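Here the structure comes first, spelled out in structure tokens, and everything after it is commentary.
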Amino acid sequence: MIAAAAALLLASTTTHAQSSREEYLRRFDGNGDGRVSAAEYVAYMSQGFRNMDSDGDGIIETDELPGGRGQPITLEENRDNLRRQFHKLDRNRDGYLNARELTAPPG
């Protein structure tokens, strides 16, 4: 009985994790093809930069950073960092992220 309950719980958790992965992928997947290109990844992740760039000048200055600490960064530097992050996540090197790659910790 306990083993059956554990199996049911595990199946439910696995299904929820897979569902959550797929939902997360859909946020990035601008063209709806079920995978995330580098351009889609950079576009989605750049939203945070735009939100922090309060004066809209394409540079996050120290006073725009959380806690007012850190080095300024330009939008292009941020995008370069995101492209490097994308390539680390693309473990099978096919040029796209699937749901599992997208939700994996950077390696």
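Name the single residue that is modelled with the lowest pLDDT among those in region 89-106 being of a type in the set (S, T, N, Q) and closer than 13 Å to LEU25 by Cα. Only one residue fits best here, namely THR103.
You will find that of ARG35, ARG79, ARG83, ARG21, the residue that is among the charged types (D, E, K, R) and in contact with a Phe, Trp or Tyr (Cβ under 7 Å, 6 or more places away or on another chain) is ARG35 and no other. Of all residues in region 82-95, those that are under 20 Å from GLN47 (Cβ atoms) and in contact with a strand residue (DSSP E or B) (Cβ under 9 Å, 6 or more places away or on another chain) total 2. Scanning region 46-63 for residues that are assigned to a helix (DSSP H, G or I) and over 27 Å from VAL36 (Cβ atoms) yields THR62, ASP63. Has region 40-51 got any residue that is under 14 Å from LEU102 (Cβ atoms) and in contact with an Asp or Glu (Cβ under 8 Å, 6 or more places away or on another chain)? Yes - at least one qualifying residue is present in region 40-51. Check whether at least one residue in region 18-32 is among the hydroxyl-bearing types (Ser, Thr, Tyr), at pLDDT below 90 and in a helix (DSSP H, G or I), and report yes or no. Yes, that holds for at least one residue. Surrounded by fewer than 11 Cβ atoms within 10 Å (Cβ to Cβ) and outside any helix (DSSP H, G or I): does that describe GLY67? Criteria not met by GLY67.
So, in region 70-107, how many residues would count as being among the β-branched types (Val, Ile, Thr) and in a helix (DSSP H, G or I)?
The number of residues fulfilling the criteria is 1.
The values are calculated or read from the model by the stated rules, or taken from the named source; none is laboratory data. What you see is a predicted model, and the numbers here were worked out from it, not measured in a lab. So basically every Cβ, Gly included, is an ideal-geometry build from the backbone, and we count neighbours across all protein chains shown.
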